[in-house]
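Worksheet: the structure to be examined is printed underneath.
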Ligand SMILES: [Zn+2]
């Protein structure tokens, strides 16, 4: 962790504070390019957007995948106020970002949030694998 990392992480925490002040969940993130310049920044807007996926990390990962060449994306760093959730971690992996630096870990965040009350989703399958495979087979080759 360099002094620049800490400065940019504080900027991400500032975006989280901005989100909270706007009535949104308190999470913020930014993306820097290879030279440390800020390319984009976001905060959580899941209340205002009525969108459960409006996490800043996911929005930045989608932006990077859409707007950056793969080699540029690989040279970026995401600074984020909290460790990305599973949804965002998957999007970050698919977007090809090079590095993520976070302030608060999931383990440190969990006691600050209400307990999860939703029951786990029932996952049934595999089913009809031959029919589903026929649609996919050959697509990637
Ligand atoms: Zn997330």
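Here are the numbers for the structure shown:
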quantity	calculated
Residues within the range 1-59 that are under 14 Å from residue 82 (Cα atoms) and assigned to a loop (DSSP other than H, G, I, E, B), tallied	5
Residues being in a loop (DSSP other than H, G, I, E, B) and loosely packed, with under 10 Cβ neighbours inside 10 Å - total across the range 100-113	1
Residue 116 vs. criteria in a loop (DSSP other than H, G, I, E, B) and within 16 Å of the ligand (Cβ to nearest atom)	yes
Count of the range 76-90 residues which are surrounded by 16 or more Cβ atoms within 10 Å (Cβ to Cβ) and more than 8 Å from the ligand (Cβ to nearest atom)	8
Matching option when the condition is surrounded by fewer than 13 Cβ atoms within 10 Å (Cβ to Cβ), more than 12 Å from the ligand (Cβ to nearest atom) and within 10 Å of the chain's Cα centre (by Cα), among 71, 93	93
Pick from the range 32-60, criterion in contact with a helix residue (DSSP H, G or I) (Cβ under 7 Å, 6 or more places away or on another chain) and over 23 Å from residue 6 (Cβ atoms), ranking: nearest to the ligand (Cβ to nearest atom)	58
Filter result for residue 133 (at pLDDT 95 or above, touching a helix residue (DSSP H, G or I) at 6+ places or on another chain (Cβ under 8 Å), farther than 20 Å from residue 11 by Cβ and in a helix (DSSP H, G or I))	no
Test for residue 131: is it surrounded by fewer than 10 Cβ atoms within 10 Å (Cβ to Cβ) and under 24 Å from residue 4 (Cα atoms)	no
Residue within the range 23-30 that is within 11 Å of the ligand (Cβ to nearest atom) and in contact with a helix residue (DSSP H, G or I) (Cβ under 6 Å, 6 or more places away or on another chain) present	yes
Search result, residues across the range 21-38 that are surrounded by fewer than 18 Cβ atoms within 10 Å (Cβ to Cβ), in contact (Cβ under 8 Å) with a residue 12 or more places away in the chain and within 20 Å of residue 74 (Cβ to Cβ)	33, 34, 36, 38
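The values are calculated or read from the model by the stated rules, or taken from the named source; none is laboratory data. Quick caveat: nothing in here was measured; it's all calculated off a predicted structure. So basically every Cβ, Gly included, is an ideal-geometry build from the backbone, and we count neighbours across all protein chains shown.
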